[in-house]
């Protein structure tokens, strides 16, 4: 969730740090700060509650420059969002640290350090780390040895950036459980929790692995593994450009990303299908045999990715004939498991660094699953590196906290995986061809839905003064209703719930009145007539309906029932199409209400702590 940027260079790094933090704002945060070592070796720090702009104002009011620096955007875990709790944390004006993650044994460290004379100004776990590094420096360690010694004491997850007055030619970094990359330059080097922060200054990166510690100088990078041995980590060149994380002509990143979905879905399909068949190597050379051996699927994910997994459960069982279980990652590793023989463990994550999902994957590796498959958007992420099989979604950078194109590309990748599994278990050629043809039509059909935006924007006006909303769906549209409700509550702050439409009489109908908008998806499938009966129950109680429907299945429009017709699609791919109007509805309601669409309160894009 938090963001780290750091640099060591011959030039002033303060502008680089501030621009890097701006590019990490999408991750979610409540305070920001930076620390610099100037030419005389003096340490200067600015911190501010709120946006990076407030930090930039503080730096402008009392400007400092320096060739070594670290910066941070914080999302509060230990301690409220205050200036005292903001990073970087400093020990005795000598050492400064930025930290992502959670140190689980910080209280024991704090007690020990307090006993030997250290004082604490914050409520954070991080301040124990910076004081512990200072203690080791006082004992004669250099900055690298001090950092290595301290992390050996730590329990939990961390990405650390460390600078010190007495060692001004070095920047030390370490990671375990939280992402961190090194940006490689000429006569300068950088660190960040996301490559997006560094694209204006480099496109060459080193991905640190679990337990790595690195020493950066202006001329060199040295990496040490968890055992302290010097290792070589490859330098990769990112395909991303600085423009890829700009809004362009759009008012918000979320709007841009909604409109990028036709291209994003097409990119997910590119090179993976031909002649109405999925190519055997789409999931890697080992996939065909592994999928043939699969007897069951276990999907684990969080948030929006969990909703994609719930859709995939229907697909795996109805198309591939494989039993499928779906579980929230944060619950998975806190219960005892009975793993059926031949079960493939599937994880879904946009970032590939979601802490609960990563922890679930690592737990799964000890439990005897047949194989692990990651469906992810970030090729250099921990989830990808640690899985047996990988299906990249290729959505491109997603900056808005409310996931849009990551969701539809996850659904696309999941359906490709289901088709591959189905073929491995005897799906006939024509069934595969029908599904591939339907998938290939989806980008154009999403464009048709995007052409309805002005109508959906008008529809959104009816939600401005509402405090609650109900989303209904049946079959694969139930998880889409869940995703629609999540989008609305995330960015408009309207309380929204989703239910299977058939459950109305089992409780939710008590909520329905003229002040409760009810939103539903009605594709033309075997359940549509039953859905229409459910909608009549809503009308009979005075509820107002907003229905996105296939023209062949649409209910009659009335004053209390507004209908927007969507393109007719194959039932299997309908979840991809029907998620888009729900995204547009949530977006325009939030815009009309004046909320911070891209950075909704209390939320973060990449949840890298439990």
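The values are calculated or read from the model by the stated rules, or taken from the named source; none is laboratory data. All of these numbers come straight from a predicted model, not from anything done at the bench. Glycine also receives a Cβ, built like all others from the backbone with ideal geometry; neighbour counts cover every protein chain displayed.
Considering each residue of region 174-198, count those that are under 15 Å from residue 72 (Cβ atoms) and free of Cβ contacts under 8 Å to residues at least 40 places away in the same chain, and give that number.
1
What is the residue count in region 566-599 for residues that are modelled with pLDDT of 90 or more, closer than 23 Å to residue 263 by Cα and either outside the structural domain of residue 468 (by the TED database) or not in a helix (DSSP H, G or I) (or both)?
6
In this structure, does residue 353 turn out to be under 25 Å from the mean Cα position of the chain (by Cα), touching a residue at least 12 places away in the same chain (Cβ under 8 Å), buried (at least 19 other Cβ atoms within 10 Å of the Cβ) and outside the structural domain of residue 488 (by the TED database)?
Working: under 25 Å from the mean Cα position of the chain (by Cα): yes; touching a residue at least 12 places away in the same chain (Cβ under 8 Å): yes; buried (at least 19 other Cβ atoms within 10 Å of the Cβ): yes; outside the structural domain of residue 488 (by the TED database): yes.
Yes: the conditions hold for residue 353.
Scan 129, 201 and give me the residue that is farther than 28 Å from residue 350 by Cβ and in the same structural domain as residue 67 (by the TED database). Break it down into steps so the answer makes sense when it comes.
Details: 201 fails: farther than 28 Å from residue 350 by Cβ.
Sole residue among the options that is farther than 28 Å from residue 350 by Cβ and in the same structural domain as residue 67 (by the TED database): 129.
Here is a check on your reading of the model: is residue 107 assigned to a helix (DSSP H, G or I) and more than 19 Å from residue 162 (Cβ to Cβ)? Talk me through it step by step, then tell me what you get.
Numbers: assigned to a helix (DSSP H, G or I): yes; more than 19 Å from residue 162 (Cβ to Cβ): yes.
Yes: the conditions hold for residue 107.
Looking for whichever is in contact with a strand residue (DSSP E or B) (Cβ under 9 Å, 6 or more places away or on another chain) and either modelled with pLDDT of 90 or more or buried (at least 24 other Cβ atoms within 10 Å of the Cβ) (or both) here; the options are 186, 191. Which one fits? Explain how you work it out, then say what you get.
Details: 186 fails: in contact with a strand residue (DSSP E or B) (Cβ under 9 Å, 6 or more places away or on another chain).
The match here is 191.
Can you say whether residue 115 is surrounded by fewer than 24 Cβ atoms within 10 Å (Cβ to Cβ), at pLDDT below 95 and out of contact with any strand residue (DSSP E or B) (no Cβ under 9 Å at 6 or more places or on another chain), as far as the supplied structure shows? Give the derivation first.
On the way: surrounded by fewer than 24 Cβ atoms within 10 Å (Cβ to Cβ): yes; at pLDDT below 95: no; out of contact with any strand residue (DSSP E or B) (no Cβ under 9 Å at 6 or more places or on another chain): yes.
So residue 115 does not fit the description; no.
Please tell me if residue 486 is within 24 Å of residue 377 (Cα to Cα), at pLDDT 95 or above and either in contact with a helix residue (DSSP H, G or I) (Cβ under 6 Å, 6 or more places away or on another chain) or not assigned by the TED database to the domain that holds residue 564 (or both).
On the way: within 24 Å of residue 377 (Cα to Cα): yes; at pLDDT 95 or above: yes; either in contact with a helix residue (DSSP H, G or I) (Cβ under 6 Å, 6 or more places away or on another chain) or not assigned by the TED database to the domain that holds residue 564 (or both): no.
Judged against the criteria, residue 486 is not a match.
Take the residues in region 122-139 that are in a loop (DSSP other than H, G, I, E, B) and out of contact with any helix residue (DSSP H, G or I) (no Cβ under 7 Å at 6 or more places or on another chain); name whichever of them is surrounded by the fewest Cβ atoms within 10 Å (Cβ to Cβ).
139
Name the single residue, out of those in region 376-408 being touching a residue at least 60 places away in the same chain (Cβ under 8 Å) and under 26 Å from residue 339 (Cβ atoms), that is surrounded by the most Cβ atoms within 10 Å (Cβ to Cβ).
Filtering first and then ranking leaves 382.
Report yes if residue 86 is surrounded by 24 or more Cβ atoms within 10 Å (Cβ to Cβ), assigned to a loop (DSSP other than H, G, I, E, B) and either modelled with pLDDT under 95 or in contact with a helix residue (DSSP H, G or I) (Cβ under 8 Å, 6 or more places away or on another chain) (or both), otherwise no.
yes
Quick check on region 31-51. Is at least one of its residues in a loop (DSSP other than H, G, I, E, B), buried (at least 19 other Cβ atoms within 10 Å of the Cβ), in the same structural domain as residue 98 (by the TED database) and under 25 Å from the mean Cα position of the chain (by Cα)?
Of all residues in region 31-51, those in a loop (DSSP other than H, G, I, E, B) come to 38-42, 50-51.
With the extra rule that they be buried (at least 19 other Cβ atoms within 10 Å of the Cβ), the set shrinks to 51.
Next, only the ones that are in the same structural domain as residue 98 (by the TED database) stay: 51.
From the residues that got through so far, the ones that are under 25 Å from the mean Cα position of the chain (by Cα) too are 51.
Yes: one or more hits.
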